[in-house]
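Q: Can you keep this structure in mind? I'll have questions shortly.
The values are calculated or read from the model by the stated rules, or taken from the named source; none is laboratory data. This one's a predicted model, so the numbers in the text were calculated from it and none came from an experiment. We place every Cβ from the backbone using ideal geometry, glycine too, and count neighbours over all the protein chains shown. What goes into the accessible areas is simple: the full protein's heavy atoms, side chains included, and nothing from ligands, DNA or RNA. Shrake-Rupley method; radii C 1.70, N 1.55, O 1.52, S 1.80 Å.
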Amino acid sequence: DAGVTQSPTHLIKTRGQQVTLRCSPKSGHDTVSWYQQALGQGPQFIFQYYEEEERQRGNFPDRFSGHQFPNYSSELNVNALLLGDSALYLCASSWRAGVNEQFFGPGTRLTVL
Amino acid sequence: EDQVTQSPEALRLQEGESSSLNCSYTVSGLRGLFWYRQDPGKGPEFLFTLYSAGEEKEKERLKATLTKKESFLHITAPKPEDSATYLCAVRGELSFGAGTTVTVRA
């Protein structure tokens with residue numbers, strides 16, 4: 001049983017560029033959440049997708065956007081990258097939004113130069 | 001707004017030296033408190049879910065307990081492989097604490 005997978009593993013971008021991160025949920029899961037984790041901090045909630053719609057959003061600017069596909073996989077897009085966007089981006093999946101425990105992928109390490 | 005505070009920030013233990021980690025929370029209507037383990041550079045690994053005060057869950061050398069204001073993660077006779085950062089989180093979306101980094105020396 002495949003767990004949550006994310007791609008790419010590492011990414012280096014420069015300020016002002018745009019980036020797309022991808023996530024495939026654990027088999028049987030239909031909900032995907034995205035988190036940003038800065039070094040030494042706990043993960044911070046970005047948003048959650050269920051039934052191809054954004055259901056909840058954390059305190060992140062509109063530069064952060066996402067999408068969920070019919071097969072439940074998801075993308076996180078970040079526009080106009082800032083140095084402060086450098087972090088580990090984590091995807092988590094669960095069965096039904098807001099109810100059950102979330103299982104995390106290995107993350108994508110984004111470095112903005 | 002949900003608030004989660006973990007203490008201590010770091011804990012250095014000798015192998016076999018039991019200890020406890022604390023997670024204090026403020027949330028309007030608890031819909032679950034979650035414990036995760038995170039190794040450096042990796043995603044958090046799910047450990048436990050607790051839903052009501054008085055509930056306890058165990059897994060190997062780890063035991064999680066819950067009161068109305070806080071949760072404890074007890075590590076009994078830890079081994080070096082228990083070295084990790086332990087995160088707690090509360091529902092809505094998951095609001096995480098900053099974590100407690102545990103180092104166990106052989």
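Q: Report whether or not A:S94 is within 26 Å of B:E1 (Cα to Cα) and modelled with pLDDT under 95.
A: Yes; evaluated as a whole, the condition is true for this residue.
Q: Exactly one condition in (1) touching a Gly at 6+ places or on another chain (Cβ under 6 Å); (2) closer than 19 Å to A:F104 by Cβ is not met by B:G41; state its number.
A: The one condition B:G41 does not meet is (1).
Q: Further, regarding this structure: Quick one: A:A38 ticks every box in (1) over 15 Å from A:E101 (Cα atoms); (2) touching a residue at least 60 places away in the same chain (Cβ under 8 Å) bar one, so which box is it?
A: (2)
Q: So, restricting to strands (runs of 3 or more DSSP E) that lie completely within the range B:32-96, which ones have at least 1 residues that are touching a residue at least 12 places away in the same chain (Cβ under 8 Å) and open to solvent by less than 10 Å² (accessible area, probe 1.4 Å)?
A: Values: elements: B:33-38, B:45-50, B:56-59, B:62-66, B:70-75, B:84-90.
So the answer is B:33-38, B:45-50, B:62-66, B:70-75, B:84-90.
Q: Here is a follow-up. Taking the condition of being open to solvent by 10 Å² or more (accessible area, probe 1.4 Å) and more than 14 Å from the chain's Cα centre (by Cα), how many residues in the range A:80-92 meet it?
A: The total comes to 4.
Q: Tell me whether the range A:57-66 contains one or more residues that are modelled with pLDDT under 95 and open to solvent by 70 Å² or more (accessible area, probe 1.4 Å).
A: Here is the first cut: in the range A:57-66, the ones modelled with pLDDT under 95 are A:57-59.
Keeping just the survivors that are open to solvent by 70 Å² or more (accessible area, probe 1.4 Å) gives A:57, A:59.
For the range A:57-66, residues modelled with pLDDT under 95 and open to solvent by 70 Å² or more (accessible area, probe 1.4 Å): present.
Q: Quick check: is even one residue across the range B:13-27 more than 14 Å from chain A (Cβ to nearest Cβ), out of contact with any Lys or Arg (no Cβ under 6 Å at 6 or more places or on another chain) and of a type in the set (V, I, T)?
A: Yes, there is a match, as at least one residue in the range B:13-27 is more than 14 Å from chain A (Cβ to nearest Cβ), out of contact with any Lys or Arg (no Cβ under 6 Å at 6 or more places or on another chain) and of a type in the set (V, I, T).
Q: Let me ask something additional. Which of the residues spanning the range A:1-52 are β-branched (V, I, T), more than 11 Å from chain B (Cβ to nearest Cβ) and under 11 Å from the mean Cα position of the chain (by Cα)?
A: Passing the criteria: A:T20, A:V32.
Q: Also, I was wondering about something else. If you check B:S28 against the conditions, is it in a loop (DSSP other than H, G, I, E, B) and surrounded by fewer than 15 Cβ atoms within 10 Å (Cβ to Cβ)?
A: yes
Q: All but one of (1) of a type outside the set (A, V, I, L, M); (2) under 21 Å from A:W34 (Cβ atoms); (3) part of a strand (DSSP E or B) hold for B:S20; which doesn't?
A: That leaves (2) as the condition not met.
Q: Can I ask one more? Looking at (1) in contact (Cβ under 8 Å) with a residue 60 or more places away in the chain; (2) among the polar types (S, T, N, Q); (3) under 27 Å from B:A10 (Cβ atoms), find the lone condition where A:S93 falls short.
A: Condition not satisfied by A:S93: (3).
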